[in-house]
1. I want to confirm something. Restricting to region A:55-90 and keeping residues that are outside any strand (DSSP E or B) and open to solvent by 80 Å² or more (accessible area, probe 1.4 Å), which single residue is nearest to A:Gln14 (Cα to Cα)?
2. Inspect region A:12-35 for any residue being without any contact (Cβ under 8 Å) to a residue 12 or more places away in the chain and on the phi < 0 side of the Ramachandran plot and give the result as yes or no.
3. Select from region B:117-129 the residues that are under 33 Å from the mean Cα position of the chain (by Cα), over 21 Å from A:Met83 (Cα atoms) and open to solvent by less than 40 Å² (accessible area, probe 1.4 Å) and list them in ascending order.
4. Give, as residue ranges, the helices (runs of 4 or more DSSP H) completely inside region B:36-130 that count at least 3 residues that are within 30 Å of B:Asp10 (Cβ to Cβ) and modelled with pLDDT of 55 or more.
5. Among the residues of region A:75-133, which ones are β-branched (Val, Ile, Thr) and under 30 Å from A:Ile29 (Cα atoms)?
6. Those residues that are open to solvent by less than 30 Å² (accessible area, probe 1.4 Å), outside any loop (DSSP other than H, G, I, E, B) and among the charged types (D, E, K, R), I need them from region A:5-50; list them, please.
7. Under the condition of being touching a helix residue (DSSP H, G or I) at 6+ places or on another chain (Cβ under 9 Å) and aliphatic (A, V, I, L, M), which residue from region B:131-155 is surrounded by the most Cβ atoms within 10 Å (Cβ to Cβ)?
8. Does B:Lys194 meet the test of being more than 9 Å from chain A (Cβ to nearest Cβ), closer than 25 Å to A:Gly84 by Cβ and either touching a Cys at 6+ places or on another chain (Cβ under 6 Å) or at pLDDT 90 or above (or both)?
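The values are calculated or read from the model by the stated rules, or taken from the named source; none is laboratory data. On a predicted model such as this, the values are computed, not experimentally measured, just so you know. Because the Cβ atoms are built from the backbone with ideal geometry, glycine has one as well, and the counts that use them run over all protein chains shown. Side chains included, ligands, DNA and RNA excluded: accessible areas come from the protein's heavy atoms. Shrake-Rupley method; radii C 1.70, N 1.55, O 1.52, S 1.80 Å.
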Amino acid sequence: ERVWSSRSLACFLQGLEGQWTTIELRNEITVTGTVVFVDSKMNISLQDVQSTRLNGDTTSFDELFILGRQIRYVQVPDSVNVMGTIHNKVRELLTQRKVQMNKQQMMKRRRVKNDEDRRRAREFKLGRGRGGRLAQLDLLHSSVGQT
Amino acid sequence: MESRAEPALDFLSTEFDAERALHSDISKLDLPYPNVKPCDNLQAYESLVNGTKRHSEPSEASRVQTEAPPSPKCDAPIHRRPRKEIKSVVNVMEGEQISGPLGLLQRWWREQVTVCVSIRHSAGVRGTCKGKVAAFDKHLNMVLTDVREDYTPFRSIENGGKAPGRRKKLSVRVTPTENAEASPSRQLHRYCSKLFVRGDNVVLVAAATSD
């Protein structure tokens with residue numbers, strides 16, 4: 001869940017979405033591009049990418065997806081306010097989570113209520129109360145018994 | 001009443017017949033709890049227990065609820081499990097003093113001490129990054145500012161991805177020390193104003209005593 005990224009600095013990277021960055025991988029390949037999406041495991045997808053190997057070979061990609069595990073460094077643009085980004089992202093993620101949880105609870109309550117109503121209706125129909133099947137049967141029995 | 005009715009209608013006997021009790025006249029039954037209000041259907045019972053007004057008209061022949069004292073257990077307000085508050089990374093950083101090694105890191109973050117972070121590659125130490133800690137987390141992912149990096153690129157990667165000495169099985173094995181002497185690894189330096197380091201690659205973090 002993306003919300004859990006608020007527990008680690010992956011949320012900071014998520015705050016960098018849309019920025020042009022340089023990422024150095026564990027195999028010492030340098031990748032420069034615009035960050036499109038970061039997930040809670042720090043997997044990053046980039047756009048308009050140029051990757052450079054140690055021996056100088058460069059390759060260009062329109063889109064590139066990097067596994068979080070393979071990242072060594074991310075060079076953050078200077079203009080980014082570190083703590084500010086983190087605060088904002090965490091707040092955003094936690095409100096998202098609250099909204100999600102409220103929705104889930106509402107759904108659950110609605111489901112429970114539906115089940116309850118259905119159960120009650122069934123019991124009333126089958127029960128001994130007025131209009132219930134068993135009550136009707138009882139009446140039948142009693143009338144049959146009397147005759 | 002002293003004398004109990006027949007065992008089939010006696011609530012406390014093992015031969016109690018619930019169906020017969022329901023059929024029989026309420027006034028003739030010997031209820032174990034005389035003060036109980038008999039209900040003739042489940043809805044009436046529930047509304048009694050919940051205390052809310054629901055549509056429940058008692059029929060002419062009133063029936064007894066076999067569960068005599070009304071147990072409010074199932075109708076208790078839904079006990080909400082206290083919602084687990086996610087401790088976000090900022091909470092950890094800015095919160096109370098952490099005990100243990102991370103506490104040191106927290107102190108360095110607060111006091112903006114220049115630290116020296118050793119970075120590793122797959123076979124040993126790659127180099128060090130000297131900078132100030134702007135943010136950290138429990139995995140030792142860090143954001144460092146004013147970073148000076150001294151490092152040596154991984155030899156085998158420079159050679160095109162093959163580790164020296166592993167090219168041919170039958171060739172002479174190149175021992176690591178020989179290799180190091182033959183081609184000494186270059187020490188490279190780099191400067192970066194803001195660097196995010198993934199905790200995987202961190203070997204150790206120390207306060208830099210001199211720049």
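1. First, pick out the residues of region A:55-90 that are outside any strand (DSSP E or B): A:55-57, A:67-70, A:76-90.
In the following step, the residues that additionally are open to solvent by 80 Å² or more (accessible area, probe 1.4 Å) were identified as A:55, A:57, A:67, A:69, A:78-79, A:81, A:88.
On the way: A:Asn55: 31, A:Asp57: 29, A:Leu67: 14, A:Arg69: 16, A:Asp78: 16, A:Ser79: 16, A:Asn81: 13, A:Asn88: 11 Å.
Going through the qualifying residues, I end up with A:Asn88.
2. no
3. Going residue by residue through region B:117-129, those that are under 33 Å from the mean Cα position of the chain (by Cα) are B:117-122, B:129.
With over 21 Å from A:Met83 (Cα atoms) added as a condition, the list becomes B:118-122.
Residues satisfying the conditions are B:Ser118, B:Ile119, B:His121.
4. Because the criterion is at least 3 residues that are within 30 Å of B:Asp10 (Cβ to Cβ) and modelled with pLDDT of 55 or more, the helices (runs of 4 or more DSSP H) in region B:36-130 that meet it are B:42-50.
5. A:Val76, A:Val80, A:Val82, A:Thr85, A:Ile86
6. A:Glu24
7. Going through region B:131-155, the residues touching a helix residue (DSSP H, G or I) at 6+ places or on another chain (Cβ under 9 Å) turn out to be B:132-143, B:145, B:155.
Among the residues that remain, those that are also aliphatic (A, V, I, L, M) are: B:133-135, B:140, B:142-143.
Details: B:Val133: 23, B:Ala134: 22, B:Ala135: 21, B:Leu140: 20, B:Met142: 25, B:Val143: 27.
The selected residue is B:Val143.
8. no
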